[in-house]
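To keep things clear, I will list the structure first and then write my remarks on it.
The values are calculated or read from the model by the stated rules, or taken from the named source; none is laboratory data. What you see is a predicted model; the values in this text were computed from it and never measured. Every residue, glycine as well, gets a Cβ built from its backbone with ideal geometry; the counts of neighbours run over all protein chains shown.
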Amino acid sequence: MKRKLPLIITFCVGIIIIISEFIPHKPFGQISGELEIWFLIISGFAILLGQLSLLKVNFLKIKFKQKNWPFFVVTLVSFAIMVTVGIFWGTESNHGILGNGEGVASLIGSKPFDYLFNNVYQHLSATMFSLLAFFIASAAYRAFIARTVESNLLLIAAVLVMLGNTSLGSFLTGWLPQSLSFLHLPNIAEFIMKYPNTAGQRAIMIGAGLGLIGSSLRIILGIERSYLGGE
Amino acid sequence: MKKSIFLFFLFSCFFLYSQVGQYIDLDVVDTPNDDGSSLQINWQVSDCDSGNVVLARLADNGEKHVLVKTNNLKRRYEDGTDVQPGVDYTYILSLYGANGEMIEEAAFTATSKAQWFNTNKIALLIWVIILTVGIVYFIFSAKSGKELYIRKISGLESMDESVGRATEMGRPILFVPGILDLDDMQTIAGLTILGQLALKAAEYDAELIVPVCRSMVLSTAKEIVKEAFLKAGRPDAYKPDSVFYLTDDQFGFVAGVDGIIVRDKPAANFFLGAFYAESLILAETGFASGAIQTAGTAMPSQLPFFVAACDYTLIGEELYAASAYLSKEPHQLGSLKGQDLGKAIFVIVLTIGIILEISGISFLKNFLTLH
Amino acid sequence: MAINKNIDRRWIFLLIFFCVALPLIFIVGLPIETTENARLVHDLVQNTPSGSTVIISFDYDPGSKPELHPMAKAVVKNCFQRDIKIMVTALWPMGVQMAADIFSQLEPEFPDKAYGIDYVNMGYKAGGMVTIQAMGKNFREVFPSDVNGTPIKELPILNGVENYNNISFVCSFSAGDPGIKQWVQIVHDTYGKPVTGGVTGVSAPGILPYVNEQKQLNGLLAGLKGAAEYEFLVKSPGTATAGMDAQSLAHLLIIIFIAIGNINYWRNKKNAANAGGE
């Protein structure tokens, strides 16, 4: 029964969702929306589990003084600070239990939560994203080696797109007359992105779409059960 | 007398429910293919260059509830506020001149209706039926014992090698099931592979680390790993804290996983699920740590990064096929055969579509367009 | 960690840092050429009648701010210039702050634009595709009030705006899911309204297939280049235009690295062949 009940629920919900796609009449039209709301509610409760897991794992690592344990102290302290300032003084549009924290806000310019969000979190997040610039450079260095005909084509296309996607492309070919505008690097880059690239992307998307349908059917029909924790 | 009363009644009806006035042409129709929760009001004012119109709905108590005031003399408006199927709704359109004087007023009563089938989705239904029948047919024919060939997927073949290497080196295996929640099939596909990987890790006695980005994924991943250790006959080796939550935040999660890669130096990294901009950051950090890396996603824009930085990459459908491939169960493999049939049909329809479009016939394109 | 015998990857990182940082300080001013995808977005805004209402969805967070913020600002500015009313939504929680930041930046330039009349911030709504679908029926049920809690009835901008039929187009600045793809699938594919927007350079190849003959997407601003093109089209150079110099030099450096990588590869191959021959 431990296995059968989830399989029955999966089957029923899967079939209902598929049917509701084609029947706008009540109750079918609303069902998928309702089920999404249920999912959001369950997710809300699950967030608590996530936070507990975070606290437990980090706390144990500190308790047993595992390797690099000071990092986990930083995690817990950051977590505690954000939660505390959020609860006490609220956020930009919400009150905290101690009110709006006007005193602190007049000192630092905004509520503590918003201050930390704008001045710490945003910059840390942008920094992580910016790492891509460095990693793309090192990955490109390794990836674009002209070993075969295919890799030659890839290399040429990459260079054209890279040049075309910058002002450098306009700088290098901008002097060409309008009648030769198809040779402008930005236009060549756009052509590569629009046609060969889009064709490849679509092929992958169609294949992935079919794979998605196949996987969904396997799950709905109860053939694929490993997501429930094995056979 | 009777005749005059009848004529008066007819006149009143015409006045009350007139849709064509001297200037105003008003029409209210049920919105097609919906659940009866809206009505479409179309109006056109002719012989009048400028002016303002006010559209109102008559409430039960006779009050006018203004819906829109505009100077647009030809327009369609969809009223979806508290419209119930089967109930009469009266709309009044008032035309005002440039000085604010009322020129004309027209009324129309209509009822909305819920439809039992969305005719815009016939093409989609046909596709669903063809693909479902195809896949289900092959699933059952595979069950009857037909031998099915499946090509080698190196990314999945390497799983033993990765686990073996981690065991030899005494280092952990890192598994990341993407950054989306359980409502994304890529996450589920990743988790099905996690089950097989956890089984192998339990058999080889290798340490497994599974950081997750969503709380719902945490519960499922924990259950999967626990069951796998149980299945391998090593429930004692299962560490509940090996599967843990980091954060819902995309780049916070990347920072956390990168930290694990740099500090713990896993011997094998698996990135299987839905990834966005973080794909290259994870894969490059993993590459720098010297780990053997397997990635898989159905996100076309992230695949090039994984291909460049990982040893093995599962491309799109290969990720979804992984569970069937690893389990080697005939009915699971049958579904893959069904997918191939779908692909063949797609190629045929695409070719026919291209030929028809070149010939200037747009029937197929129009039929398949979702509207 | 060396990526081969010759170059330590930290040298690459250091050079990239200088190539990105220096042009931001010393602006070179390389020319910008517009592409069709950017022009399509611009044309859509230009051809929208004044007084129309549009939805601009901020579906990104600080992580992608450097790329998406400049293009969002340029589009909002263009809408203001054309007297187009803006209804702001956010499918990402941080999108609300992103939108607020742009409107506060534009406030000195457009002091006559009033909140609630010319623009409104409806705030964040969870649910992604479900939310977009529900908005198709009635905005008021999804957003009964704006981000400040003001009821929708008290916002003049939303008078008569009930659903997608009452708006001219949707523009989504998107860093992932939920984002522009979901807007296309519902607003264009189901309701037939134009959808446009911008994405990060990394995710552009995945979204470009939607810019097709059916105009599922009406143009696309891809990454910083797209933002710079839009700034050029509206003749209002901003941070994206300044950033293009940095991006250009960084791309040039990457091309040089690729060339070095190939030279190394061929040299090693030749050495191996010579060693084999001896």
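The table that follows gives values for the structure above.
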| item | result |
| --- | --- |
| Residue check for B:V254: touching a Lys or Arg at 6+ places or on another chain (Cβ under 8 Å), more than 20 Å from B:M169 (Cα to Cα) and surrounded by 22 or more Cβ atoms within 10 Å (Cβ to Cβ) | no |
| Evaluation of B:A255 against (1) within 19 Å of B:L319 (Cα to Cα); (2) at the interface with another protein chain (Cβ under 8 Å from one of its Cβ atoms) (one fails), failing number | (1) |
| Residues (of a type outside the set (A, V, I, L, M, F, W, C) and touching a residue at least 12 places away in the same chain (Cβ under 8 Å)) located in region A:1-33 | A:R3, A:P6, A:T10, A:G14, A:S20, A:S32 |
| B:Q302 being assigned by TED's automatic domain parsing to the domain that holds B:V163 and either over 29 Å from C:D189 (Cα atoms) or buried (at least 20 other Cβ atoms within 10 Å of the Cβ) (or both) | yes |
| Subset of region C:212-242 [in contact (Cβ under 8 Å) with a residue 60 or more places away in the chain, within 14 Å of chain B (Cβ to nearest Cβ) and part of a loop (DSSP other than H, G, I, E, B)] | C:L220 |
| Counted residues, region B:95-147 - those being within 30 Å of B:G80 (Cβ to Cβ), within 14 Å of another protein chain (Cβ to nearest Cβ), among the small types (G, A, S) and buried (at least 16 other Cβ atoms within 10 Å of the Cβ) | 2 |
| Which listed residue is in contact with a helix residue (DSSP H, G or I) (Cβ under 8 Å, 6 or more places away or on another chain) and either closer than 23 Å to A:R225 by Cα or assigned by TED's automatic domain parsing to the domain that holds B:M185 (or both), from B:L341, B:L314 | B:L314 |
| Filtered residues of region B:234-251 (kept if in contact with a helix residue (DSSP H, G or I) (Cβ under 8 Å, 6 or more places away or on another chain) and either touching a residue at least 40 places away in the same chain (Cβ under 8 Å) or assigned to a loop (DSSP other than H, G, I, E, B) (or both)) | B:R234, B:Y238, B:L246, B:T247, B:D248, B:D249, B:Q250 |
| Residues of region B:118-150 classified as charged (D, E, K, R) and at pLDDT 85 or above, total | 1 |
| Residue match in region C:81-88 (condition: over 20 Å from C:V161 (Cα atoms) and at pLDDT 90 or above) | yes |
| Unique residue being within 14 Å of chain B (Cβ to nearest Cβ) and either of a type in the set (K, R) or free of Cβ contacts under 8 Å to residues at least 24 places away in the same chain (or both) when the list is C:V130, C:V161 | C:V130 |
| Extreme residue, farthest from the other protein chains (Cβ to nearest Cβ), among residues of region C:49-67 that are assigned to a loop (DSSP other than H, G, I, E, B) and over 18 Å from C:G160 (Cα atoms) | C:Y60 |
| Extreme residue, surrounded by the fewest Cβ atoms within 10 Å (Cβ to Cβ), among residues of region B:35-61 that are under 23 Å from B:G100 (Cα atoms) and of a type in the set (G, A, S) | B:S50 |
| Residue match in region A:135-149 (condition: modelled with pLDDT of 90 or more and crowded, with 19+ Cβ neighbours inside 10 Å) | yes |
| A:S181, sole failed condition from (1) at pLDDT 85 or above; (2) part of a helix (DSSP H, G or I); (3) small (G, A, S) | (1) |
| Selection status of B:V83, modelled with pLDDT of 85 or more and buried (at least 19 other Cβ atoms within 10 Å of the Cβ) | yes |
| Unmet criterion (only one of (1) assigned by TED's automatic domain parsing to the domain that holds A:S78; (2) at pLDDT below 85) for A:I97 | (2) |
| In region A:31-43, the residues that are more than 24 Å from B:I129 (Cβ to Cβ) and within 9 Å of another protein chain (Cβ to nearest Cβ) | A:G33, A:E36, A:I37, A:F39, A:L40, A:I42, A:S43 |
| Restricting region C:12-32 to residues that are in a loop (DSSP other than H, G, I, E, B) and touching a residue at least 12 places away in the same chain (Cβ under 8 Å), the residue that is nearest to the other protein chains (Cβ to nearest Cβ) | C:L30 |
| Unique residue being in contact (Cβ under 8 Å) with a residue 12 or more places away in the chain and surrounded by fewer than 20 Cβ atoms within 10 Å (Cβ to Cβ) when the list is A:A203, A:A189, A:A157 | A:A157 |
| The one condition in (1) within 10 Å of chain B (Cβ to nearest Cβ); (2) of a type outside the set (A, V, I, L, M, F, W, C); (3) part of a loop (DSSP other than H, G, I, E, B); (4) in contact with a Ser or Thr (Cβ under 8 Å, 6 or more places away or on another chain) that A:K67 fails to fulfil | (4) |
| So B:V217, is it of a type outside the set (S, T, Y), part of a helix (DSSP H, G or I), closer than 16 Å to B:G178 by Cα and more than 10 Å from chain A (Cβ to nearest Cβ) | no |
| Residue in region A:86-98 that is away from chain B (no Cβ under 14 Å) and of a type in the set (F, W, Y) present | yes |
| Spans of helices (runs of 4 or more DSSP H) in region B:137-210 with at least 3 residues in contact with a Gly (Cβ under 7 Å, 6 or more places away or on another chain) | B:185-204 |
| Positions within region B:287-303 being over 23 Å from the mean Cα position of the chain (by Cα) and either within 10 Å of chain C (Cβ to nearest Cβ) or not hydroxyl-bearing (S, T, Y) (or both), in sequence order | B:F287, B:A288, B:S289, B:G290, B:A291, B:I292, B:Q293 |
| Residue count, region C:185-206 (criterion: outside any strand (DSSP E or B), at pLDDT 85 or above and buried (at least 24 other Cβ atoms within 10 Å of the Cβ)) | 3 |
| Tally, over region A:1-51, of residues that are surrounded by 16 or more Cβ atoms within 10 Å (Cβ to Cβ), in a helix (DSSP H, G or I) and among the aromatic types (F, W, Y) | 2 |
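The rows are residues; the columns are (1) in the same structural domain as B:G338 (by TED's automatic domain parsing); (2) more than 40 Å from the chain's Cα centre (by Cα); (3) under 23 Å from C:N163 (Cα atoms).
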site	(1), (2), (3)
B:D30	no, no, yes
B:G51	no, yes, no
B:E63	no, yes, no
B:L67	no, no, yes
B:E78	no, no, yes
B:Y96	no, yes, no
B:N99	no, yes, no
B:A123	yes, no, no
